[in-house]
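Read-outs throughout are calculated quantities, based only on the coordinates presented, and are distinct from any laboratory measurement. Just so it is clear, the model here is predicted, and its values are computed rather than measured. As a convention, Cβ positions derive from the backbone with ideal geometry for all residues, glycine included, and neighbour counts pool all protein chains shown.
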Amino acid sequence: MKKQIIKQTEIFVHNELGEDATGHDWFHVDRVRRNALHICREERQGDPFIIEMAALLHDIPDEKLNETIEIGKAKLDSFLHCISLPNEAKNHIIQIIDSISYKGGRKTVLETVEAKIVQDADRLDAIGAIGIARAFAYGGKKGQPIYDPNINVREEMSLEEYRKGKSTTIHHFYEKLLKLKDLLNTKSAKEMAESRQQMMGLFLEQFYQEWDENHS
Ligand code: ADP
Ligand code: NI
């Protein structure tokens, strides 16, 4: 029964996100699902079915993929309405998805271990080599420059620059990606983050080295 629901959910998500090129594609969702289940096994905590469902559906109501948040939420609700699950499970899935998104530094206290695990899996996919690739894919789609040495990092921005939302993908590393490791909830995710964090450090080092080559 659960297997069938997972299959149904995979098909729904695949149809909804298959064509996305901003880093929210089906492969992202599949990696988040696999990593979440891996963390669940390692930690020996959480309900694997709820974790898998929430991971599969986590990007469905995302603001970036829908005209409005309300439309996104309605899409998730109407899908859950069509599958045969107890209301308690449906509400838990909705609550996980609602609580894990990182919006402008908003910090929500995660109430369940399932939410902590899915959030960790989603964050792991934003760092390391894959995180780097996703950031540049997203930045390109937004028409944001790769890097501009004249733009300050957020903390040092003038109010005017800040209002204009001026940034680059390299700046996104300092605004978010490099901070994610310390925000992880579980020990297993923190371990997985180590080599990914190193990768980002090396990438930035080499990036600046190449940028500055023959400039002196
Ligand atoms: P998630 O899919 O993990 O919930 P987001 O929706 O916040 O994450 O972002 C999707 C991907 O796009 C992530 O890999 C993130 O790092 C990247 N991204 C988000 N905002 C920016 C930005 N301003 N510049 C570059 N990359 C970004
Ligand atoms: Ni995601």
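Considering only the range 49-69, state which residues are among the β-branched types (Val, Ile, Thr) and free of Cβ contacts under 8 Å to residues at least 60 places away in the same chain. Spell out how you get there, then give the answer.
So in the range 49-69, the residues among the β-branched types (Val, Ile, Thr) come out as 50-51, 60, 68-69.
Ile60, Thr68, Ile69 - these are the residues of the range 49-69 that are among the β-branched types (Val, Ile, Thr) and free of Cβ contacts under 8 Å to residues at least 60 places away in the same chain.
Name the single residue that is nearest to the chain's Cα centre (by Cα) among those in the range 21-43 being surrounded by fewer than 15 Cβ atoms within 10 Å (Cβ to Cβ) and within 16 Å of ligand 1 (Cβ to nearest atom).
Kept after step one, since they are surrounded by fewer than 15 Cβ atoms within 10 Å (Cβ to Cβ), are these residues of the range 21-43: 21, 27, 34, 41.
When the remaining residues are screened for being within 16 Å of ligand 1 (Cβ to nearest atom), the result is 21, 27, 34.
Working: Ala21: 14, Phe27: 12, Arg34: 14 Å.
Of everything passing the filter in the range 21-43, Phe27 is nearest to the chain's Cα centre (by Cα).
Quick one: which residue in Gly46, Gly72, Gly18 is without any contact (Cβ under 8 Å) to a residue 24 or more places away in the chain and buried (at least 19 other Cβ atoms within 10 Å of the Cβ)? Step through it out loud before you land on a result.
On the way: Gly46 fails: without any contact (Cβ under 8 Å) to a residue 24 or more places away in the chain; Gly18 fails: buried (at least 19 other Cβ atoms within 10 Å of the Cβ).
The match here is Gly72.
Residue check, Ala115 against (1) touching a residue at least 60 places away in the same chain (Cβ under 8 Å); (2) under 19 Å from Lys181 (Cα atoms); (3) within 12 Å of ligand 1 (Cβ to nearest atom); (4) small (Gly, Ala, Ser), all met but one. Which one?
(3)
If Ala135 passes every condition in (1) surrounded by 17 or more Cβ atoms within 10 Å (Cβ to Cβ); (2) small (Gly, Ala, Ser); (3) part of a loop (DSSP other than H, G, I, E, B) but one, which one does it miss?
Result: Ala135 passes all but (3).
Identify, please: which residue in the range 172-188 is in contact with an Asp or Glu (Cβ under 8 Å, 6 or more places away or on another chain) and not in a helix (DSSP H, G or I) and is, among those, surrounded by the fewest Cβ atoms within 10 Å (Cβ to Cβ)?
Asn185
Restricting to the range 202-216, name every residue that is surrounded by fewer than 12 Cβ atoms within 10 Å (Cβ to Cβ) and of a type outside the set (D, E, K, R). Walk me through it before giving the result.
The first filter runs over the range 202-216 and keeps only residues surrounded by fewer than 12 Cβ atoms within 10 Å (Cβ to Cβ), leaving 202, 205-206, 209-210, 212-216.
Passing the criteria: Leu202, Gln206, Gln209, Asn214, His215, Ser216.
Being surrounded by fewer than 17 Cβ atoms within 10 Å (Cβ to Cβ) and in contact with a helix residue (DSSP H, G or I) (Cβ under 8 Å, 6 or more places away or on another chain): is that true of Ile130 here?
Working: surrounded by fewer than 17 Cβ atoms within 10 Å (Cβ to Cβ): no; in contact with a helix residue (DSSP H, G or I) (Cβ under 8 Å, 6 or more places away or on another chain): yes.
Criteria not met by Ile130.
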